[in-house]
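The values are calculated or read from the model by the stated rules, or taken from the named source; none is laboratory data. It should be emphasised that the depicted structure is a prediction, and the values quoted were computed from it without experimental measurement. Please note that ligands, DNA and RNA were not included when accessible areas were found on the heavy atoms of the full protein model with its side chains. Shrake-Rupley method; radii C 1.70, N 1.55, O 1.52, S 1.80 Å.
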Amino acid sequence: MVERPEKRVLTGADLKAFYKALANPVRRDILSYLGKHGEANSTSVAKALGESTGTTSYHLRKLADLELIEELEDRGDGRERWWKSRAKDIYTPPGLELAPDEREAMLKLGALKMSHDLGIVTRAYAGYENSGGWNQIYRAGLYLTREQVTSFVEEYQNLVWKYVTEPGQHPEGSRSLAIRLIVVPDEDEPSS
C-alpha cells in the first residue's frame, strides 16, 4: 500500500496547464508506461513508445514541471535521467472561480477524460461475459444529503487508496484496472 499523498487542488491556471499537457497523447502514454513499469529513462520510454529520445526527454520534463513524475536523482549518470511516476490525489473543488479561458480548459480536460472513460465503459460491457470476473459493473441510485455525498466520496477515495501500489511494484497476478466513480444528481430532481 502507498501512503496517500496530500490532496493537490487544481486552480484555474493549473487546469490550463494540465489540459495542455494531457491533450498530448505521448504524455498520456508516458504516464501510463511509468505507472506500469515504475522507473524509466527517456531511452526506454522512447523504445517502448516508438518515439525519439529527444521527444520523450522533452515530454518527461514537461510532466515533471506539473509534478506528475519526478526525477530519480540517485539513479542518473549525468547524461541519462531516470524518472518515476508520483502518487497523485488531484482535485478540483466545485465552485472554483474561473476565468473564461480557465473554464474552457476545465471543460476540455473533462471531455478528454470522459472520452477515455466512455471507451472503458464500452469495453467493460462488450467483454463482460468473457472477462472471467475481471469486468465488474455496478450502478446504484441513492438519496443523500450534500454532507452524505461528501462523506460517501471520502470513504470511496480512502478505499481506493487502501489498494494503491507503487508503480512497478504490483502484486503477483494483478492487472491494471480502470475504476471510476461519478456522483451526480438525477436531472429531474430539483436542487436544494
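If one takes the longest principal axis of the Cα atoms in the chain, at what angle in degrees, from 0 to 90 and to the nearest 10, does the Cα axis of helix 25-37 lie?
Compared with the principal axis, the helix lies near 80 degrees.
Using only helices, what value at 222 nm comes out for the chain when you add -39,500 (n - 2.57) per DSSP H run of length 4 or more and divide by the total residues, to the nearest 500 deg cm²/dmol?
After summing the helix terms and dividing by residue count, I get -15000 deg cm²/dmol.
With a 10 Å cut-off between alpha carbons and a GNM built on the chain, which of G35, G110, G173 moves the most?
Of the options given, G173 has the highest mean-square fluctuation.
On a 0 to 90 degree scale, rounded to 10, what angle separates helix 12-22 from the longest Cα axis of the chain?
60 degrees
Could you work out which residue, out of T11, T55, T145, moves most in a Gaussian network model of the chain, that is, has the largest mean-square fluctuation with Cα springs under 10 Å?
Of the options given, T145 has the highest mean-square fluctuation.
Working out 0.36 nm times the residue gap between D65 and E97, then minus their Cα-Cα distance, what length gain in nm do you get to one decimal? Display every interim value, and only then the final one.
Values: separation 32, 0.36 × 32 = 11.52 nm, distance 2.38 nm.
Difference between extended and current length: 9.1 nm.
Taking the chain as a Gaussian network, Cα atoms linked when under 10 Å apart, which of A40, A124, A23 shows the biggest mean-square fluctuation?
Of A40, A124, A23, the most mobile in the Gaussian network model is A124.
For the chain, what is the percent of antiparallel DSSP beta bridges, rounded to the nearest 5?
Around 75 percent antiparallel, to the nearest 5.
How would L31, L159 line up by accessible area, probe 1.4 Å, largest first?
L159, L31
Could you tell me which of rounded, prolate or oblate describes segment 46-115, using a ≥ b ≥ c as the square roots of the eigenvalues of the alpha-carbon gyration tensor, with rounded for a/c under 1.5 and, failing that, prolate when a/b is larger than b/c and oblate otherwise?
Prolate.
So what's the projected area for the chain, the Cα convex hull averaged over all directions, in nm²?
The directionally averaged projection comes out at 13.9 nm².
Restricting to Cα atoms and excluding each atom paired with itself, what does the Kirkwood estimate give for segment 1-97 in Å?
That comes to 14.2 Å for segment 1-97.
Note down the Stokes-Einstein diffusion coefficient of segment 78-176 in µm²/s, whole number, using a Kirkwood radius over alpha carbon pairs, 25 °C, and 0.890 mPa s.
137 µm²/s
Working from the alpha-carbon coordinates of segment 133-192, get Rg over Rh, Rh being the Kirkwood radius.
Ratio of gyration radius to Kirkwood radius for segment 133-192: 1.07.
Lysine pairs in the chain with Cα distance under 15 Å, only those 8 or more apart or on different chains: how many are there?
11
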